[in-house]
């Protein structure tokens, strides 16, 4: 009995010492949960976002606000049905401090809901769903990318005002992002005197466009606005050209139609006009150094998704610096981010009160394998944040 | 909708249906003859598409040579896969087959990711098929799609001739009706199955190669075709190639005209069709009555 007592107390004592030692090591690692598509049609986008994020962290020496970053990855498969389960894995099982994600707006909505309920920091590096910085906006939710309205509204105004198009048709997948993009184009187009005669949709992620292309050819509008991304974007642009429509009815697109897809689209995409908050030949020093560093680290050219991942990490750093690494101070985090000016490869931007970037939207034209800027479609355009109560 | 547009939409429907047939014929052969539910069939389609992307530069962009080489390679792959993996599945329950072939899908996707990466790729249309046929002043129809449909028709006829007018075809039809009887008659059922499986894989891969210039090559491209493929096989009747042809054309029409007239419900159109057919004839349009 005397032995057990001594042994038990020895174990207890060593446990105490070890625990004290662990705390004495300094700031704990910051757990960043990356919930992105690592499979399916958006895989390349998920990989680019992660690459951009990691590049920024590496540039800061692997630490943000003095805390090392521990990455936990979950593949969301761009499936809204599994989204709540996946995000709860990060929040409850892995107990992450920050969630970064995702590409698909349907998945992002579920993530925003879960983040709001659990008051976890969420930074959205792509999903443009207007609702994330609209009715679902919150003190702890930020976006480093764009809102669907922001990226498509200027295309509508440019098509009607600059190019004098009177009638247009829109075509996209029937899901939240598609509807928001085409409605924003319609708003801009009709504001400058045009009329959108029909809005065509097909189920996501169906890529059999022939039937709808025939409808477009039959209706003969002045212009067509399309929103597709990833594999669907490649196929649509190629099908549009194969049907001979690119010579008779000009195709305008959200920038995603031609971002990261030009290699595969080849000749079919030449001369296409799109609007986006990024382009391939911006003459900005920050962009040049970013592109060089990215190409060196990943042996790939960066795209808008990589920039958004990079800026997501930047937003995190700005907030973390203000709260000195303590993520529980949500109000101070948000205040610091709202006051900051971000030096991004896309140009400088600030954050709106609904935590969406206020940024320049560039008008781009496809020449060769690049989306070249031909002008600024809208300067420092804020998202209207309809329904946000912040 | 005016008549010209209607005709073009019919052309779209037939062209889509024929490509589906190519894919579904392989699946119905495997499902019907060997009773194996092969979820990995979509992966073979993907393998074909990626082969078109990878082999095309090796043959200097010569499309026909790439097609032939790819089909041969796919047949070899199918032969080996049957030998090493699928031959163990015949005696198992359908659930086990589903699980194991689903695992095979995951393996193929990972292999694809490791070998070729995750980017979307384009396969160029061969130059002698580039360009389009003007359809009045309405629009142009790409020559390549017409070529694809033509190839599918040729293959459909070839399949019909093999299955109905050759000794091999006789054995296939017998094996579909009564496996044990065939074995009892001294026919090497193992080799028959291996050949049929290799043919099924080759057909799927060929469908992928032909579709590659049209649909582009991207991760998980097998998943969406797989579901439609199963719908076609179920509607047409398991094991019936004629049934697969009729069903694919039906699905092509429902999908095309559904998109035009009922865009809200276009997604469920083909499943409603499948449900309706099954209620009317549970064994499918041309399936054997149980």
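For residue A:187, the stated conditions do not hold, so it cannot be described as closer than 25 Å to residue B:261 by Cβ, away from chain B (no Cβ under 11 Å) and under 27 Å from the mean Cα position of the chain (by Cα). Quick check on residue A:214: is it surrounded by 24 or more Cβ atoms within 10 Å (Cβ to Cβ), more than 19 Å from residue B:123 (Cα to Cα) and within 8 Å of another protein chain (Cβ to nearest Cβ)? Yes; evaluated as a whole, the condition is true for this residue. Residue B:185: more than 14 Å from every other protein chain (Cβ to nearest Cβ), in contact with a helix residue (DSSP H, G or I) (Cβ under 7 Å, 6 or more places away or on another chain) and modelled with pLDDT of 80 or more, yes or no? Criteria not met by residue B:185. Search segment A:161-182 for residues being in contact with a helix residue (DSSP H, G or I) (Cβ under 8 Å, 6 or more places away or on another chain), more than 14 Å from chain B (Cβ to nearest Cβ) and not in a loop (DSSP other than H, G, I, E, B), and hand back the single one that is surrounded by the most Cβ atoms within 10 Å (Cβ to Cβ). If we take residues in segment A:161-182 being in contact with a helix residue (DSSP H, G or I) (Cβ under 8 Å, 6 or more places away or on another chain), more than 14 Å from chain B (Cβ to nearest Cβ) and not in a loop (DSSP other than H, G, I, E, B), then A:181 is surrounded by the most Cβ atoms within 10 Å (Cβ to Cβ). Inclusion of residue B:213 among residues that are in contact with a helix residue (DSSP H, G or I) (Cβ under 9 Å, 6 or more places away or on another chain) and assigned to a loop (DSSP other than H, G, I, E, B) is not warranted. Determine if segment A:270-282 includes at least one residue that is assigned by TED's automatic domain parsing to the domain that holds residue A:172 and on the phi > 0 side of the Ramachandran plot. Yes - at least one qualifying residue is present in segment A:270-282.
In segment B:38-152, counting only helices (runs of 4 or more DSSP H) that sit wholly within it, the ones holding 1 or more residues that are within 14 Å of chain A (Cβ to nearest Cβ) and touching a residue at least 60 places away in the same chain (Cβ under 8 Å) span B:41-55, B:94-116. When segment A:269-290 is limited to residues that are under 10 Å from residue A:366 (Cβ atoms) and surrounded by 21 or more Cβ atoms within 10 Å (Cβ to Cβ), the one that is farthest from the other protein chains (Cβ to nearest Cβ) turns out to be A:273.
Of note, residue A:293 satisfies the criterion of being modelled with pLDDT of 90 or more and surrounded by fewer than 24 Cβ atoms within 10 Å (Cβ to Cβ).
Within segment A:304-360, restricting attention to residues that are under 19 Å from the mean Cα position of the chain (by Cα) and part of a loop (DSSP other than H, G, I, E, B), the residue that is farthest from residue A:45 (Cα to Cα) is A:353.
Do the conditions hold for residue B:263, that is, is it within 10 Å of another protein chain (Cβ to nearest Cβ), modelled with pLDDT under 85 and crowded, with 22+ Cβ neighbours inside 10 Å? So residue B:263 does not fit the description; no.
The values are calculated or read from the model by the stated rules, or taken from the named source; none is laboratory data. All values reported here derive from a predicted model rather than from experimental measurement. No Cβ is skipped: glycine too gets one built from the backbone with ideal geometry, and neighbour counts run over all protein chains shown.
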